[in-house]
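Following: one structure in structure tokens, then a few remarks.
Any read-out appearing in this document is the output of simple, stated calculations on the displayed coordinates, not a laboratory observation. Bear in mind that the values here come from a model prediction, so they are computed numbers and not experimental data. As a convention, Cβ positions derive from the backbone with ideal geometry for all residues, glycine included, and neighbour counts pool all protein chains shown.
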Amino acid sequence: MDNPYPWLQDFINQVPDLLQPVMVALVAFIPYIEGEGAAAFGIIAGIHPVVAALAAVAGNFLCVVGVVLLGSRIRGGVVARRAARSAASAPAAAGTAPQGDASAAPSSTAATASTVTADAPEADGEEDATRRGKGRTKLRRWMVKFGVPGASILAPLALPTMLTAAFFVASGVRKEWVLLWQLIAIVLWTGAAAAVAAGLLALLGW
């Protein structure tokens, strides 16, 4: 069967050999394409499957590193501000609370907790109306059931790796742990996509 993408191979052949993997890595920066799509793109374009897969992994992982570092910094700032506000409000609350109202605090806390619990399903229901919301719901379920390792490997079925990494960081997972398992997931999924793409090309004789 004739290759339906000769124009793509002709275009890649005009690019210097050293820049071809860079192009694949840049394609891997695009959400919902990422390492898997970039590896397939490179292989179809005529780049050696191993080179295309390594470039796709590198590009995808570099993007995830940026997301994780930025997300971790933002979360650290938010946590620090919350801690500072709590520390500032605690003395004032302790000084103004009546002595006989000790039993009122637990009931108030319980009411607040019940309000948050009651509102959570409604918020989740609105979130689930979007594709990303549904993906986060699946990822949250997998994280509870399989932990970060299992959720990381299954995550591409629900969300791009960039959004998955941001979700883990926002959930309080250590950035080193997120990076490790995102790298493992990227290698596995990109390697599988590269193997399938190379096998199909060989089978079709392109």
**Item:** Calculated from backbone phi, Karplus (6.51, -1.76, 1.60) coupling profile of the stretch 30-35 in Hz, x at Gly/Pro
**Value:** 7, x, 6, 10, 6, x
**Prompt:** Taking the simple approach of a point 7 Å from Cα along Cα-to-Cβ for both residue 157 and residue 200, what is their distance in nm?
**Reply:** 2.0 nm
